[in-house]
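Accompanying notes for the structure given below.
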Amino acid sequence: MLETTIDNTAILISHKIVRYKDFSKRFTELLDELGILWKYADYTNDIWIRDFMPIELDDCTFLKYRYFPDYLRDDKDYMKTITDCAQLCKEFRIEYQETDIILDGGNVTPCGDYYVLTDKIFAENNRQKGDKALIAKLEKLLKRKVIIIPWHLIIQEDDPDGEYADVFGHSDGFIHWCGGNKVLMSNHRDTDPDEADEIKRILESYGFEVTEMLFNVRKPEPLWNWAYVNYIKVGNRIIMPAFGIEEDNQALKYVKEANPDCIIRQIRMRDIADKGGALHCITWDYTVSPEQLADYKQ
């Protein structure tokens, strides 16, 4: 195991990830190798723990929102698929304040002094795009300014049923903040160049330097190559997706150049990304108190 410089950050992973037996074993072993504290979390209805856990505003200060995403509401048994994190927070002694705003944790991406959200936030809350009252309420609750980037549902010509369409509209599928004013952006240009231009323009207008993860390969793999930006970073440790495709090495180079002082490992995860998410989606990192830290070190 590496000597750790991560003293007060831990990761929770839904216990349901063990359904992916090979991946969960390799992933948790890698977390141990990198000295990252982690635990499995019960009381979850799916593996996408990022989406329903509270947002950490400051160290050990959390905001619990209403998790009621439209992509799960059509399920007649949606109460069995939508997780209320209250019991989980109780188990891990996480105290929070609450809001009735409908959010997904994957659509609240920290970016320096800002949070970046896609404009799906307005539709989820039955508001007009750009609703100033909702933005003001969000900024007051989040204690940071909010940057709104565009999103719309895209059905590919080779996927007429929309099986692989992005129905989530999560900002962590588009960008990853790398410290300072550096932002990595996914290869969204391959899907919608106009929308990619607009996302980049908006971020640059706030002073960010945006690097798009574009790939020069013989046979692109769009089912997976969007997911590299959905990596996790804990302290100076990074774990990023890999898929056994040509794009893997180019993606690693992008992440290394954006995070030059970090230790970086890749992990194969086709079976997870095939479901629409990657490493950031299946983890929830948070600052632990000294009392909570003792639970991880038992």
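Looking across the stretch 1-32 at every residue that is modelled with pLDDT of 95 or more and of a type in the set (Val, Ile, Thr), the one that is surrounded by the fewest Cβ atoms within 10 Å (Cβ to Cβ) is identified as 18.
Here's the yes/no breakdown for (1) under 18 Å from residue 172 (Cβ atoms); (2) open to solvent by less than 10 Å² (accessible area, probe 1.4 Å); (3) not in a loop (DSSP other than H, G, I, E, B):
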position: 233; (1), (2), (3): yes, no, yes
position: 241; (1), (2), (3): yes, yes, yes
position: 244; (1), (2), (3): no, no, no
position: 249; (1), (2), (3): no, no, yes
position: 252; (1), (2), (3): no, no, yes
position: 257; (1), (2), (3): no, no, yes
position: 272; (1), (2), (3): yes, yes, yes
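Tell me, yes or no, whether the stretch 62-69 has at least one residue that is basic (Lys, Arg) and at pLDDT 95 or above. So far as the stretch 62-69 goes, yes, one or more of its residues are basic (Lys, Arg) and at pLDDT 95 or above. Which residues, counting only those in the stretch 33-76, are part of a loop (DSSP other than H, G, I, E, B), of a type in the set (Asp, Glu), open to solvent by 50 Å² or more (accessible area, probe 1.4 Å) and in contact (Cβ under 8 Å) with a residue 24 or more places away in the chain? Hits for the stretch 33-76 are 42, 59.
Scan 146, 108 and give me the residue that is more than 12 Å from residue 170 (Cα to Cα) and surrounded by 14 or more Cβ atoms within 10 Å (Cβ to Cβ). Spell out the reasoning first.
Numbers: 108 fails: more than 12 Å from residue 170 (Cα to Cα).
Going through 146, 108 in turn, the sole match is 146.
Can you spot a residue in the stretch 188-208 that is part of a strand (DSSP E or B) and either open to solvent by 10 Å² or more (accessible area, probe 1.4 Å) or of a type outside the set (Ser, Thr, Tyr) (or both)? No: zero hits. The set of residues in the stretch 20-70 that are touching a Leu at 6+ places or on another chain (Cβ under 9 Å), β-branched (Val, Ile, Thr) and within 24 Å of residue 262 (Cβ to Cβ) comprises 36, 49, 55.
The values are calculated or read from the model by the stated rules, or taken from the named source; none is laboratory data. This one's a predicted model, so the numbers in the text were calculated from it and none came from an experiment. In this analysis, Cβ positions are derived from the backbone assuming ideal geometry, glycine residues included, and neighbour counts consider all displayed protein chains. Heads up: the accessible areas ignore ligands, DNA and RNA and are worked out on the full protein's heavy atoms, side chains in. Shrake-Rupley method; radii C 1.70, N 1.55, O 1.52, S 1.80 Å.
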